[in-house]
Amino acid sequence: MSTLAHTMMTPARSADSGLSGPGEADRYPYAEAPAPDRVGAPAWEGADPELGRAGRRAAGSRGRGLHGQLVQQLGQMIVSGDLGADRPLVPEEIGQRFEVSRTVVRESLRVLEAKGLVSARPNVGTRVRPVSDWNLLDPDIIEWRAFGPQRDDQHRELSELRWTIEPLAARLAAGHGREDIQQRLADMVEIMGHTLGRGDALTFARADAEFHSLLIQVAGNRMLEHLSGIVSAALQVSGGPATGCDRPNETSLAHHGRIVDALATGDGAAAEAAMRQLLTVHPEVERVVPAPREH
């Protein structure tokens with residue numbers, strides 16, 4: 001097996017988020033009762049008061065620390081609707097409840113503001129922004145939505161987006177004969193084959209994610225390349241409409257192999273067709289994306 005099996009590139013992810021995997025952190029419910037000394041402010045009742053201590057214990061293994069932990073928790077609470085625009089996010093109260101410093105709170109809110117989740121204005125404070133303002137292409141928001149009440153919409157939208165961009169990327173990639181990338185793609189297929197035989201779904205998923213990310217990057221279109229992180233995030237979430245990639249099997253593996261073969265011969269049409277076959281949804285969710293027509 002190629003040494004890439006041990007140095008496999010992980011899917012793109014926002015470095016500021018602190019996420020090390022989907023759904024790893026617990027969800028903290030949001031209380032409706034306001035704090036007694038502030039009208040309309042979050043009381044944070046039910047939120048985990050141990051975040052600070054737990055974060056310090058987990059920081060070594062996750063390598064993210066309190067900052068990433070707090071971004072994760074607040075992001076999930078906002079996306080799930082537990083934190084709404086009707087109440088301000090008061091840094092002092094967040095710091096006290098989660099036992100973190102002002103610096104951690106301030107930097108975490110800045111990350112959430114960059115993602116379009118919150119806005120900070122003088123005399124108004126920090127408030128949650130409407131969904132229309134969120135950066136829905138942000139890999140962290142994709143994951144938070146995928147594990148919240150919007151999971152069905154998120155998976156449907158991701159399936160539709162992948163159907164739109166990945167077949168085109170496969171066609172374009174066939175015109176860029178980079179042997180090193182083609183070899184890496186072939187290595188990923190080899191790894192997927194070995195792991196499928198062993199029932200190692202995790203390694204299969206990692207190789208699959210790198211395969212699709214590499215394919216988009218070699219398409220020669222920088223705007224498409226910018227979307228590689230979205231595809232990686234899509235491959236990490238589960239529980240929604242399933243594509244060939246979501247259910248590792250010999251058929252899925254064969255489609256990946258066909259894509260590699262088409263790239264090697266420079267056959268863009270064949271690469272595109274193989275990708276469409278790979279992304280075709282299963283019968284129970286066929287409404288999401290139509291199957292490719294036979295010619």
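The values are calculated or read from the model by the stated rules, or taken from the named source; none is laboratory data. A quick note: this is a predicted structure, and the numbers were derived from the prediction, not measured. When we count neighbours, we look across all protein chains shown, and the Cβ atoms used for this are built from the backbone with ideal geometry, even at glycine. Ligands, DNA and RNA are excluded from the accessible area calculation, which covers all protein heavy atoms including side chains. Shrake-Rupley method; radii C 1.70, N 1.55, O 1.52, S 1.80 Å.
Figures for the structure shown
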read-out	value
Enumeration of residues in region 173-186 that are within 19 Å of S232 (Cα to Cα) and modelled with pLDDT of 90 or more	A173, R184, L185, A186
Residue that is modelled with the highest pLDDT, among those in region 277-295 that are open to solvent by 80 Å² or more (accessible area, probe 1.4 Å) and assigned to a loop (DSSP other than H, G, I, E, B)	P290
Criterion (surrounded by 18 or more Cβ atoms within 10 Å (Cβ to Cβ), farther than 16 Å from E160 by Cα and modelled with pLDDT of 85 or more) met by exactly one of A274, A264, A254	A274
Any pair with Cβ under 6 angstrom, 6 or more apart, that starts in region 168-188 at a residue that is in contact (Cβ under 8 Å) with a residue 12 or more places away in the chain and ends at one that is hydroxyl-bearing (S, T, Y)	D187/S2
Any hit, region 189-197, residues being touching a residue at least 60 places away in the same chain (Cβ under 8 Å), surrounded by fewer than 20 Cβ atoms within 10 Å (Cβ to Cβ) and under 15 Å from S232 (Cβ atoms)	no
Per-region count, region 117-130, residues open to solvent by less than 70 Å² (accessible area, probe 1.4 Å) and without any contact (Cβ under 8 Å) to a residue 24 or more places away in the chain	2
Selection within region 132-147 - surrounded by 14 or more Cβ atoms within 10 Å (Cβ to Cβ) and more than 13 Å from the chain's Cα centre (by Cα)	W134
Qualifying residue in region 106-116 (condition: over 27 Å from P149 (Cβ atoms) and touching a residue at least 12 places away in the same chain (Cβ under 8 Å))	yes
